[in-house]
Amino acid sequence: MTEDVLTIKHLSVDFQTLEGTVHAVRDVTLKLHPGEVLALVGESGSGKSVTTKTVMQLLPKNAKVVSGSVEYDGRDLLKLPEKELQNLRGNELAEIFQDPMTALDPTMRVGKQIMEPLLQHQDLTKDEARQKALAIMEKVGIVNAKERFRNFPYQFSGGMRQRIVIAMALICHPKVLIADEPTTALDVTIQSQILALIKQLKDELGTAVIFITHDLGVVAGIADRVAVMYAGRILEFGTVNDIFYHPQHPYTVGLLKSTPTMDMNEGDLESIPGTTPNLIDPPVGDPFANRNRHALNIDFEKMPPFFKVSDTHYAATWLLDKQAPKVHLTDKLEQRREHYAKLAEREAQADD
Ligand code: ADP
Ligand code: MG
């Protein structure tokens, strides 16, 4: 097995707030394999964005990395001087967000913005950079790239703006792309076009992607592996098949059951009861225990370790302990399996 591109180890991040210290990310370990798409999923507030902002060293001032490391190319990003980080950001490590306008300057022509990372990181003439910018604009599906080069962001639709941001992010051929809910603000049709585009480009460039979403529905089509995050912790990780067909943590099962699929009845959707815990005073055990109708006493007392389900699949739930009672979590998921299988098949055909 080749080396991981990025390794986050035992990362914990706190925020100082007027109410107290928020423990936003708690002992997170994640590995990104070369060329893969790793989906980071979980409800809003689970710590997905803070984890990746730590990787990019773009945390707000009230944040503090309490422990952990982020290994990239033999170095710990958390210990790099700002100057070296600037050399990596937008070059080897790139990022796209939910709202393309956060990445775009409304007063600057888009062509110039797309060229910018090239001029900053590579030794090119303006004309060479311009040629590369035009080429990538065409590649991300902007027709009449030559004319559009001189347009401003407001002259594009939301989906087209996200294409421009993707062009900017990928123009230097990064090793790692962090995509933080890049399609959440877009309507469904545009959403699937953008997903297909990200997939196509990462295959061409060999970029490894961390794809953040709160919507498991989009994961089946794009991800190779999935990590499920909740209340600052990773609760389960595995291949897409492991997570969709053999989920082990009750939270993962809850997420699957609450994700709508196209051909299901509304009555089949089950929302997860209760609310996410307060991260100023997080629970000591499994953070999902109070929403889990199968919770054991120990779930409230002790954080479960990762139990190995298979070589690719691990889950932090005491239900996997040898002494735990057997519970059946995955009833009513059959219908979804068919749906996801269909989706994966369609994606595979689209790849050919
Ligand atoms: P997600 O991306 O999974 O929706 P985030 O990573 O943005 O969640 O947030 C994780 C937790 O950190 C949340 O409880 C959130 O309230 C808290 N948090 C994020 N940013 C700040 C901040 N600047 N100050 C205080 N708390 C924050
Ligand atoms: Mg977020």
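The values are calculated or read from the model by the stated rules, or taken from the named source; none is laboratory data. All values derive from a computational prediction rather than experimental measurement. Cβ placement follows ideal geometry from the backbone for every residue including glycine, while neighbour counts extend to all protein chains displayed.
Considering (1) surrounded by 12 or more Cβ atoms within 10 Å (Cβ to Cβ); (2) outside any helix (DSSP H, G or I); (3) out of contact with any helix residue (DSSP H, G or I) (no Cβ under 9 Å at 6 or more places or on another chain), the lone condition that residue 281 does not fulfil carries the number (1). For the residues 96, 136, 114, the requirement of being touching a residue at least 60 places away in the same chain (Cβ under 8 Å), under 26 Å from the mean Cα position of the chain (by Cα) and crowded, with 17+ Cβ neighbours inside 10 Å singles out 96.
Total residues in region 74-116 satisfying the condition of being closer than 30 Å to residue 215 by Cβ, assigned to a helix (DSSP H, G or I) and at pLDDT 95 or above: the figure is 6. Of all the numbered requirements in (1) surrounded by 20 or more Cβ atoms within 10 Å (Cβ to Cβ); (2) more than 16 Å from ligand 2 (Cβ to nearest atom); (3) over 19 Å from residue 101 (Cβ atoms), residue 232 misses one, and that requirement is (2). Screening residue 253 on (1) in contact with a strand residue (DSSP E or B) (Cβ under 7 Å, 6 or more places away or on another chain); (2) not in a loop (DSSP other than H, G, I, E, B) shows it passes everything except condition (1). Residues that are charged (D, E, K, R) and in contact with a Lys or Arg (Cβ under 9 Å, 6 or more places away or on another chain) were ranked within region 54-74; the one that is nearest to ligand 2 (Cβ to nearest atom) is 71.
The set of residues in region 164-185 that are over 16 Å from residue 140 (Cα atoms), of a type in the set (Val, Ile, Thr) and within 16 Å of ligand 1 (Cβ to nearest atom) comprises 178, 184. Within this structure, residue 77 fails the test of being hydrophobic (A, V, I, L, M, F, W, C), in contact with a strand residue (DSSP E or B) (Cβ under 7 Å, 6 or more places away or on another chain), at negative phi and within 16 Å of ligand 2 (Cβ to nearest atom). Checked against the criterion of being within 17 Å of the chain's Cα centre (by Cα), of a type in the set (Val, Ile, Thr) and either surrounded by fewer than 20 Cβ atoms within 10 Å (Cβ to Cβ) or more than 25 Å from residue 304 (Cβ to Cβ) (or both), the candidates 51, 21, 17, 29 yield just one match: 29.
Against the numbered list (1) part of a loop (DSSP other than H, G, I, E, B); (2) crowded, with 17+ Cβ neighbours inside 10 Å; (3) within 23 Å of the chain's Cα centre (by Cα), residue 295 comes up short only at (3).
Scanning region 216-228 for residues that are modelled with pLDDT of 95 or more and within 16 Å of ligand 1 (Cβ to nearest atom) returns 226, 227, 228. Once region 212-246 is narrowed to residues that are among the β-branched types (Val, Ile, Thr) and part of a strand (DSSP E or B), the residue that is nearest to residue 30 (Cα to Cα) is 234.
Table: residues versus (1) over 20 Å from residue 215 (Cβ atoms); (2) at pLDDT below 95; (3) within 16 Å of ligand 2 (Cβ to nearest atom).
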position	(1), (2), (3)
12	yes, no, no
15	yes, no, yes
20	yes, no, no
23	yes, no, no
30	no, no, yes
46	no, no, yes
52	no, no, yes
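The rows are residues; the columns are (1) more than 10 Å from ligand 1 (Cβ to nearest atom); (2) of a type in the set (Asp, Glu).
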| site | (1), (2) |
| --- | --- |
| 6 | yes, no |
| 11 | yes, no |
| 27 | yes, yes |
| 32 | yes, no |
| 35 | yes, no |
| 47 | no, no |
| 58 | yes, no |
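Residue count for region 139-150 under the criterion of being closer than 20 Å to residue 204 by Cβ and more than 27 Å from the chain's Cα centre (by Cα): the result is 2. The set of residues in region 173-220 that are within 15 Å of ligand 2 (Cβ to nearest atom), aliphatic (A, V, I, L, M) and surrounded by fewer than 19 Cβ atoms within 10 Å (Cβ to Cβ) contains only 185.
Scanning region 145-171 for residues that are surrounded by fewer than 18 Cβ atoms within 10 Å (Cβ to Cβ) and either under 17 Å from residue 221 (Cβ atoms) or not aromatic (Phe, Trp, Tyr) (or both) turns up 146, 147, 150, 151, 155, 157, 158.
Kindly indicate whether any position in region 181-197 is of a type outside the set (Val, Ile, Thr) and within 11 Å of the chain's Cα centre (by Cα). For region 181-197, residues of a type outside the set (Val, Ile, Thr) and within 11 Å of the chain's Cα centre (by Cα): present.
In this entry, residue 213 is excluded by the filter for residues that are away from ligand 1 (no atom under 16 Å from the Cβ), polar (S, T, N, Q) and within 18 Å of residue 98 (Cβ to Cβ).
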